[in-house]
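**Q** My structure is below; once you've seen it, I'll send some questions.
The values are calculated or read from the model by the stated rules, or taken from the named source; none is laboratory data. Note that the structure is a prediction, hence the values are computed from the model and not measured. Counting neighbours? That spans all protein chains shown, and the Cβs are built from the backbone with ideal geometry, glycine included. Side chains are part of the model used for accessible areas, which takes the heavy atoms of the whole protein and leaves out ligands, DNA and RNA. Shrake-Rupley method; radii C 1.70, N 1.55, O 1.52, S 1.80 Å.
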Amino acid sequence: NAGVMQNPRHLVRRRGQEARLRCSPMKGHSHVYWYRQLPEEGLKFMVYLQKENIIDESGMPKERFSAEFPKEGPSILRIQQVVRGDSAAYFCASAASQETQYFGPGTRLLVL
Amino acid sequence: KNEVEQSPQNLTAQEGEFITINCSYSVGISALHWLQQHPGGGIVSLFMLSSGKKKHGRLIATINIQEKHSSLHITASHPRDSAVYICAVRSMGASGSRLTFGEGTQLTVNP
């Protein structure tokens, strides 16, 4: 049973470009969470999704950030018009229910 | 004040020492998680607990709901235990699945 997969593992973007981060949950998991870890800071919740639904997006910046978890395929975290302050590690976690969350390896985004 | 506070922020130990990391929180919770983040950045979930005590190998986690406090203990510490240990709580409420994290405790175990 493969763990949570994230790709790419590293992503470099120039200011103004778009970043798309993918998360494939563990088999059988329908709950996906996205977290951000800014340099030298702790993890912060961004968004919680179940299949085709956003349950809680209270941690998402109001502009440029969006997330989806379609019926088929991975969950996508999309950042439009990236800025240097978006440089961070983005982790997703999946769960079968509101229980133990299993973390992916993260995507390290660097904005030049 | 953060909702989740960890202490100490940094901890250096000699191999074989008994280690304790503390976590205090200020909100009502449905569960508390202990996570381990290695230098490469990957995060591993060590424990999820809502009461009492759990043990896995050399790791022990305890929680006191009345005092809103949890501890993570490592017995017979080893250099491979060197990592950041993060306490996270799952708050009660409508969006009860979101985790709120402490700032982490950087543990270094020297041989």
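**Q** With the crude spin-label approximation of a point 7 Å out along Cα→Cβ, what separation in nm comes out for residue A:2 versus residue A:96?
**A** 2.0
**Q** Would you kindly find the accessible area of residue B:15, with a 1.4 Å probe and non-protein molecules such as ligands, DNA and RNA excluded, rounding to the nearest 10 Å²?
**A** 90
**Q** Just reorder B:51, B:82, B:77 by solvent-accessible area, largest first, 1.4 Å probe, all chains present.
**A** Putting B:51, B:82, B:77 in descending order of accessible area: B:51, B:82, B:77.
**Q** Using alpha-carbon pairs under 8 Å, 6+ residues apart, how would you state the relative contact order of chain A in percent?
**A** Once divided by the residue count of chain A, the mean separation gives 37 percent.
**Q** By the scheme Lys and Arg +1, Asp and Glu -1, what is the net charge of all other residues having a beta-carbon under 14 Å from that of residue A:46?
**A** Summing Lys/Arg as +1 and Asp/Glu as -1 gives 0.
**Q** Enter the accessible area per residue of region B:60-111 (Å², integer; probe 1.4 Å; all protein chains in place).
**A** Result: 39 Å² of accessible area for each residue.
**Q** Here's something else I'd like to know. Using the structure shown, list the pairs from A:51/B:55; A:44/B:54; A:44/A:71; A:27/B:54 with a Cα-Cα distance above 30 Å, or answer none.
**A** Too far apart for the 30 Å limit: A:51/B:55.
**Q** Using a loss threshold of 40 Å², tell me which positions in region A:86-112 are less accessible in the complex than in their chain alone. Probe radius 1.4 Å, ligands and nucleic acids ignored.
**A** Going by heavy-atom accessible area, the residues of region A:86-112 that drop by at least 40 Å² are A:98, A:99, A:100, A:101, A:103.
**Q** Provide the buried accessible surface between chains A and B in square angstrom, both chains summed, 1.4 Å probe, rounded to the nearest 100.
**A** Rounded to the nearest hundred, the buried surface is 1600 Å².
**Q** At a 1.4 Å probe radius, carbon and sulfur cover how many percent of the accessible area of chain A?
**A** On chain A, the fraction of accessible area on carbon and sulfur atoms equals 46 percent.
**Q** Between residue B:12 and residue A:58, what is the spin-label point distance in nm, taking each point 7 Å from the Cα along the Cα→C-beta axis?
**A** The modelled label-to-label distance comes out at 4.1 nm.
**Q** Normalised by the residues of chain B, what does the relative contact order come to in percent, with Cα pairs under 8 Å and at least six apart?
**A** 37
**Q** How well do other chains shield peptide B:84-90, expressed as the mean number of their Cβ atoms within 10 Å of each residue Cβ?
**A** Other-chain Cβ atoms within 10 Å of each residue's Cβ, averaged: 2.
**Q** With a ≥ b ≥ c the root eigenvalues of the C-alpha gyration tensor of chain A, is it rounded (a/c under 1.5), prolate (a/b larger than b/c) or oblate?
**A** In terms of gyration-tensor shape, prolate.
**Q** Shifting gears a bit: Extension gain residue B:24-residue B:58, at 0.36 nm per residue separation less the Cα-Cα distance, in nm?
**A** Taking 0.36 nm per residue and subtracting the Cα distance, the gain is 10.0 nm.
**Q** Straight distance only, please: which lysines reach the Cα of residue B:53 with their own Cα at less than 17 Å, same-chain residues fewer than 8 apart left out?
**A** By straight Cα distance, residue B:53 reaches B:68.
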